[in-house]
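Single-structure report; data block below.
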């Protein structure tokens, strides 16, 4: 099993001097993901926080081959790179013993929403790629608009709370299950607070032949509006309240990787975050109740899926 | 540093200078607080290294040695996540000299 | 050995693809270019090509796959038309900005609304500022020849710019023509080996491709991009000549038909030029001094050469198979009118929009235009600078 001490001695593929917000969850996700393979790696990055904040020309935070082309097409772009790899291998223009891994990366905007079609197409075609979504629940790069990953009741700039609205009215899209429905060999949900879970899943994804998908919850102090030192605490709470279950689906078989000994009430996750502050007004009590019920339903459903 | 003319740029918007953002010192973002490393309390769990978003934990010869203030933005995650009995990273006030000599 | 084959436009493109065997073909089927994609898929299934064939879920992804594949370090092509090209629009600019020598065959078709599957140039004209080189074909033979040359032009180290080759939807894409299909090995040799420039597969280099520019670099990168297409004319010319030497059919920026002593001139691109030639022959037999100028390369626009060819005439009609609503004339017209501006002596010039949505243009329509030109040449006056051909008014 990997030890942090050893991982720390590996060369960073994403380096210091990036412009991501203080307390941002993205870099620590990729600190683990990029260590999960030692093969040469090519990354296609969708437009978003990670892309913008790491490549402001003439600086780059990437110490690995990296390409960005647009917002909605990271999966198609990396699929193209992989297709060329297959072709040139067949034609003998890439040495037989040279192994390259292919990684598509996007936020929830570039993955759940505008990039969903390209991702669906790429995994359906069976490209040998890994796709990692860092889900920070909003279009954070453009100032916190709602996405289909934004939780129910959250106030986002395009689903603001107001006297006539309790914030976002819709439940979040379950993207991981959508990927599972593509019958890909490996799909999983993880979170940066459990580094072994994240590291192991990324490793499995890289070792999977064919498409693998990893959905990682990414805390965001700027858009979730909490004290920026509390990111890992919030990630832990998301798992303990079962708002963000850690599970994986290998060839159709569900496995829940973390079951809290005592499931905490969702309030504990919601309370520290400014985007949910309005839910604690008296008139929004039914919203909180509905929130808890939905989380409970989803969790039970997941446990059932595991037991099949 | 004078910037390149268009003729001097690599064709196709490519940056060939991998990882050169280390020249951006994000430590200048700190305002008012900074982590302080207390070596004798450290149990070498590497959580601070793991959870630091800004690659600001100094690791040498397989040991955590302190904070790299060139990059530390003072977010405080390292201190919160430090699991040692007596915290080996604590947040302290930091006076920053502003241009013109005033302090904040 | 060169052989004569009866093929339609789509088949000629597919045939060239088989001969060139690009490393990756990524394309989404759309009328009227579908058969190109189908035929390539079948070639792959039958082992006649060894490159990878990717059939993405949309044209946007098709061009994105092309961009990933070309960046990776190999030869790439696609085919599309109309709405498909429109859906690629965002990625066309990015392909050009990243200086990727992707080649696209476009079976030119109108744009919705109303939806219509037939031929006009609205699709590629809409992409005229995307940074792609644009070459148009009069028939199947030209489509085949242009497509082969496109790789040489796109991949030239001074150019490194994507190229699209237009063939009129249905009129060329679906019409049979007896064409000269060149020897496989000779075509392969003409196109040559692909030379990657900054390929992603050079993973030791750890490049960052497609980073974000702020106000301090965007302008310089754009200017650098413009240089690629500005460098294209001598390359297009040299490749056209070499093609002539190798295969016996030489190409330039445009074709002049009976222009030597022409007093009036019709400018028209692509398949309609063939019909126009018939009209010119008839008019010439009636003693009219009229000629045709058929632009082949629309981007980069050979403004000086075209102006030189037209400056001595007494009246010019530019026929556009697309419209540019609200503009001072359709795309080809504005280019040519602007090109003539620097000349003290220049002919009066008029614009006709024709053939939208596949509407026919016949010999008699060209003859009508010729008659109007004759009047303009006589009086030196343009009464109406814009007209529509074969439109119910």
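Where a number appears in this text, it was derived from the coordinates with a stated rule and is not lab data. Computed from a prediction, not measured in an experiment: that's the story for all the values here. Neighbour counts are summed over all protein chains in view; Cβ atoms, including those assigned to glycine, are modelled from backbone coordinates with ideal geometry.
Sorted by mean Cβ packing within 10 Å, highest first, what order do the peptides B:65-71, C:164-170, A:22-28, B:35-41 take?
The peptides rank, most packed first, as C:164-170, A:22-28, B:65-71, B:35-41.
What spacing in nm lies between the two simple spin-label points modelled at residue A:250 and residue C:188, each 7 Å away from Cα in the Cβ direction?
Taking the simple label geometry, residue A:250 and residue C:188 are separated by 4.5 nm.
Is the C-alpha gyration tensor of region C:255-388 telling us rounded, prolate or oblate? Criteria: a/c under 1.5 is rounded; beyond that, a/b larger than b/c is prolate, otherwise oblate.
Judged from the Cα gyration tensor, region C:255-388 comes out rounded (a/c under 1.5).
According to a simple spin-label model (label point 7 Å from Cα along Cα-to-Cβ), what is the distance in nm between residue C:2 and residue A:124?
Computed distance between label sites residue A:124 and residue C:2 equals 4.5 nm.
Which FRET efficiency, nearest 0.05, do residue B:93 and residue B:61 yield, Cβ-Cβ r, R0 35 Å?
So the FRET efficiency works out to roughly 0.65.
Can you give the FRET efficiency to the nearest 0.05 for residue C:42 and residue C:375, using r as the Cβ-Cβ distance and R₀ = 60 Å?
After rounding, the FRET efficiency stands at 0.65.
Starting from the Cα-Cα distance between residue A:173 and residue A:90, subtract it from 0.36 nm times their residue separation and give me the gain in nm to one decimal.
Result for the pair: 25.9 nm of gain on full extension.
Quick check: pseudo-label points 7 Å beyond the Cα along Cα→Cβ at residue C:175 and residue B:33, how many nm apart are they?
That separation, rounded to one decimal, is 7.6 nm.
Please average, across the residues of C:47-60, the number of beta carbons from any other chain that are within 10 Å of each residue's own beta carbon, and give a whole number.
5
Counting other beta carbons within 10 Å of each residue's own, what order do C:392, C:296, C:128 fall into, fewest first?
C:392, C:128, C:296
Build a GNM of chain C with springs between Cα atoms under 10 Å: which of C:323, C:82, C:285 gets the top mean-square fluctuation?
Result for chain C, Cα springs under 10 Å: C:285 fluctuates most.
Can you list the residues of region C:299-341 with backbone N under 20 Å from a point 7 Å past the Cα of residue C:390, pointing along Cα to Cβ?
The answer is C:317-324, C:330-333, whose backbone nitrogens lie closer than 20 Å to the label point.
Most mobile of C:47, C:126, C:380 per a Gaussian network model of chain C (Cα springs, under 10 Å)?
In the Gaussian network model the winner is C:47.
Helix A:74-90 versus the longest principal axis of chain A: what angle, 0 to 90°, nearest 10, using Cα atoms?
20 degrees
Compute the long axis of helix C:82-97 from its Cα atoms, compare it with the longest principal axis of the Cα atoms of chain C, and write down the angle in degrees, 0 to 90, nearest 10.
70 degrees
Suppose a student asked you for the relative contact order of region C:255-388, using Cα pairs under 8 Å spaced at least 6 residues apart; what percent would you report?
Numbers: 230 pairs, mean separation 37.7, N = 134.
Reported relative contact order: 28 percent.
Return, ordered by residue number, the residues of region C:78-101 whose backbone nitrogen is under 19 Å from a label point located 7 Å along Cα→Cβ of residue C:230.
C:96-100
Can you give the % of DSSP beta bridges in chain C that are antiparallel, to the nearest 5?
25 percent
Give me the extension gain from residue A:157 to residue A:225: residue separation times 0.36 nm, minus the current Cα-Cα distance, reported in nm with one decimal.
Values: separation 68, 0.36 × 68 = 24.48 nm, distance 1.27 nm.
Net length gain for the segment: 23.2 nm.
In percent, how large is the relative contact order of chain A, given Cα pairs closer than 8 Å and 6 or more residues apart? List each step's numbers first, then the result.
Numbers: 592 pairs, mean separation 48.8, N = 308.
The value is 16 percent.
Rounded, prolate or oblate for region A:1-158? Axes are the square roots of the Cα gyration tensor eigenvalues, ordered a ≥ b ≥ c, and the cut-off for rounded is a/c under 1.5. Mind dumping the intermediate values first?
Working: a/c = 1.94, a/b = 1.31, b/c = 1.49.
It is oblate, given that a/c is not under 1.5 and a/b is not larger than b/c.
Separation of region C:65-138 and region A:13-72 by C-alpha centroid, Å?
Centre-to-centre (Cα) distance: 30 Å.
Mean separation of Cα pairs under 8 Å and 6+ residues apart, divided by the residue count of chain C: what relative contact order is that in percent?
It comes to 16 percent, rounded to a whole number.
Under a 10 Å cutoff between Cα atoms, tell me which one of C:279, C:113, C:70 has the largest fluctuation in the Gaussian network model of chain C.
Ranking C:279, C:113, C:70 by mean-square fluctuation puts C:113 first.
Quick one: P(r) of the protein assembly as shown from all Cα-Cα pairs, 20 Å bins, percents rounded to integers, in order of increasing distance.
Computed distribution, short to long bins: 15, 41, 29, 14, 2, 0.
Give the separation of the Cα centroids, region A:272-287 to region A:143-182, in Å.
Using only Cα atoms, the two centres lie 15 Å from each other.
Restricting the count to DSSP beta bridges whose residues both fall in the protein assembly as shown, what percent are antiparallel, rounded to a multiple of 5?
Here the antiparallel bridges make up roughly 35 percent for the protein assembly as shown.
Is the C-alpha gyration tensor of region C:1-92 telling us rounded, prolate or oblate? Criteria: a/c under 1.5 is rounded; beyond that, a/b larger than b/c is prolate, otherwise oblate.
Taking the square roots of the gyration eigenvalues as a ≥ b ≥ c, region C:1-92 is oblate.
Find how many whole Å separate the alpha carbon centroid of region C:1-59 from the alpha carbon centroid of region C:273-289.
Cα centroid of region C:273-289 versus Cα centroid of region C:1-59: 37 Å apart.
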